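We did not get these values from a lab; they are worked out from the coordinates using the rules stated. Keep in mind it's a predicted model, so treat the numbers as computed, not measured. Quick reminder, even Gly has a Cβ in these numbers, built from the backbone with ideal geometry, and neighbours come from all protein chains shown.
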Amino acid sequence: MALILSIETSTTNCSVALGKDGVLVSLKEDYNDQYSHAERLHVFIMEILEENKKKLSELDAIAISKGPGSYTGLRIGVSTTKGLCFSLDKPLISIGTLNSLAHQINSDGLIVPMLDARRMEVFSSIYNSDFKLQREIEAQILDETSFVEELNLGKVTFVGNGAPKFKEVCKHPNAIFVNKLPSAREMVPLAEAKYKSDTFEDVAYFEPFYLKDFVAGKKKAN
């Protein structure tokens, strides 16, 4: 039984949710095609608390979507969450981004959350209809043979901003494509479950799950 603030910044959607006992109380999002996290995240946090007449000190924990996703988005979200948890002495809860994304789908078949990772690459994993992990997260290059074994067995729902990319090359009749971004909404019950089981992160050492190493471009010699 907890009051938990959930933060999602792994894509262009800057999303903040307030949950009480695992039930969504309030949600603020900015479905912009640009990254607005630096400008909107702290504003959303304060607005959602003020509108619900709550103070930061009343929170029982703060949850963050840990990735994979955008390097910049994840860094902003994680650094904000760690700063709040440290200053308020509150526990930090991390939620896998693809896990919460999968929970946007209600299906009796497999669910494949996938996030765009540039060109024809995506970050993806596979869940069954009960949201049990069937395949770990991978960075994969999509082509017409991707997920063919799963598709031959039955209906598969591909959800995320990587789904339209796969739709271009996948013509299998069992494939369903849903173009959605991760949201803090689905984090609310997941964060409550982790709070009840005392599954917390070490605030000092917690880092985002990038999946792939960030490689900065080198300056060209004059």
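Between the Cα long axis of helix 71-88 and the first principal axis of the chain there is an angle of about 30°, rounded to the nearest 10. Charging the Cβ of each Asp and Glu at -1 and of each Lys and Arg at +1, and nothing else, the dipole of the chain about its Cα centre rounds to 500 debye. Remark on Phe158: its backbone amide H falls under 5 Å from those of Val112, Ile176, Phe177, Val178, a criterion applied only to residues 5 or more positions apart or on other chains, H modelled at 1.01 Å from N.
Would you mind checking the pairs Lys82/Lys194; Lys171/Lys194; Lys55/Lys82 and listing those with alpha carbons more than 28 angstrom apart? Each step should come with its number before you reach the end.
On the way: Lys82/Lys194 17 Å; Lys171/Lys194 38 Å; Lys55/Lys82 17 Å.
Cα-Cα > 28 Å for Lys171/Lys194; rest within.
When DSSP beta bridges are restricted to pairs lying wholly in the stretch 105-178, around 55% turn out antiparallel. Under the simplified labelling scheme, the Glu58-Lys196 pair shows an inter-label distance of 2.3 nm, with each label point 7 Å from Cα along Cα→Cβ.
For the chain, give the share of DSSP beta bridges that are antiparallel, in percent and rounded to the nearest 5; count only bridges with both residues there. If you can, show how the numbers build up before the last one.
Details: 25 of 41 bridges.
In the chain, approximately 60 percent of DSSP beta bridges are antiparallel ones.
Residues Tyr195, Tyr71 in ascending order of nearby Cβ atoms (within 10 Å, fewest first): Tyr71, Tyr195. For the chain, find the longest principal axis of its Cα atoms and tell me its angle to the long axis of helix 187-196, 0 to 90°, nearest 10. Taking the Cα atoms of the chain, the angle to 187-196 is about 60 degrees.
Structural descriptor for the stretch 111-151: relative contact order 32 percent, calculated from alpha carbon pairs under 8 angstrom and at least 6 residues apart.
Backbone geometry of the stretch 151-165 corresponds, through the Karplus equation with coefficients 6.51, -1.76 and 1.60 at θ = phi - 60°, to 3J(HN,Hα) couplings of 5, 5, 8, x, 5, 10, 9, 9, 10, x, 6, x, 4, x, 5 Hz, x marking Gly and Pro. Compared with the dominant principal axis of the Cα atoms in the chain, helix 37-51 is inclined by about 50°.
Hey, which of these cross-link pairs are over 20 Å Cα-Cα: Lys20/Lys180; Lys28/Lys54; Lys155/Lys180? Numbers along the way, then the final one.
Values: Lys20/Lys180 25 Å; Lys28/Lys54 15 Å; Lys155/Lys180 18 Å.
Where the Cα-Cα span goes over 20 Å, the pairs concerned are Lys20/Lys180.
For the chain, dividing the convex hull volume of the Cα atoms by the residue count gives 140 Å³ per residue.
Defining a contact as two alpha carbons under 8 Å apart and six or more residues distant in sequence, what relative contact order in percent does the chain show? Each step should come with its number before you reach the end.
Values: 485 pairs, mean separation 52.5, N = 222.
Here the relative contact order equals 24 percent.
Karplus-derived 3J(HN,Hα) values for the stretch 56-66, using 6.51 cos²θ - 1.76 cosθ + 1.60 with θ = phi - 60°, are 4, 5, 7, 5, 8, 6, 10, 10, 10, 6, 8 Hz; glycine and proline are entered as x.
With each run of n ≥ 4 DSSP H residues scored as -39500 (n - 2.57), what mean residue ellipticity at 222 nm is computed for the chain after dividing by its residue count and rounding to the nearest 500 deg cm²/dmol?
After summing the helix terms and dividing by the residues of the chain, the value is -8000 deg cm²/dmol.
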